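Quick notes on the structure that follows.
No value in this document is a laboratory result; all are computed from the given coordinates. Small disclaimer: the values here were computed from a predicted structure and weren't measured. Positions of Cβ are backbone-derived with ideal geometry, glycine not excepted, and every protein chain shown enters the neighbour counts.
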Amino acid sequence: MTGGAGGVRDPGLQPERTRLAWRRTTLSATVAAVLAAKQAVHDEVTAAGLIGAGLSLLVWLGFLGVAHRRMVALGTARPRALSARGAVVAAACTVALAAFAVGVVL
């Protein structure tokens, strides 16, 4: 197997690595959402903590949807590139999850 512009490429390896990266990222987002929920009910249950945990859960579900669609798309013989909309939603979910987790801590 050779690389480069005119080289032969195994179409199965890159999509598999990308699918595994999406799974790792989804696991990281899951851990962040669970820790935010745990922190929200750890000491005192406050309205701000519950709102932050609830919003973290919603953002996590949104990210899960984007990741699932991408992993399914990577299962095809010639997967399409990630759409700009999918990339923006994934990035926005990541930033929002971090912001809501900070809100829960404070």
Nearest-ten-degree value, helix 13-40 long axis tilted from longest Cα axis of the chain: 0 degrees
Which angle from 0 to 90°, rounded to the nearest 10, does the C-alpha axis of helix 47-73 make with the longest principal axis of the chain? 10 degrees
With the dipole of the chain defined by +1 on each Lys or Arg Cβ and -1 on each Asp or Glu Cβ, the option from PHE63, GLN14, ALA53 whose Cα lies farthest towards the positive pole is GLN14
Could you give P(r) for region 48-106, binned at 10 Å from zero, as whole percent values over all Cα-Cα pairs? 24, 42, 22, 10, 2
Relative contact order in percent for region 13-106 (Cα pairs under 8 Å, 6+ apart) equals 41 percent
Could you give the angle, 0 to 90 degrees to the nearest 10, between helix 84-105's Cα long axis and the longest principal axis of the Cα atoms of the chain? 30 degrees
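If you place +1 on the Cβ of every Lys and Arg, -1 on the Cβ of every Asp and Glu, and leave all else neutral, what size is the dipole of the chain about its Cα centre, to the nearest 20 Debye?
Here the size comes out at about 580 debye.
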Which three lengths, in whole Å and largest first, does the chain cover when its Cα atoms are put on their principal axes? 61, 22, 20
Given R₀ = 41 Å, what would the calculated FRET efficiency be for ALA21 paired with LEU50, taking r from the Cβ atoms and rounding to 0.05? 0.80
Near-label residues of region 72-106 by backbone N, under 12 Å of a point 7 Å along Cα→Cβ of ASP43: 105-106
Just to confirm a number: summing +1 for Lys and Arg and -1 for Asp and Glu over residues other than ALA90 whose beta-carbon lies under 12 angstrom from that of ALA90, what do you get? +3
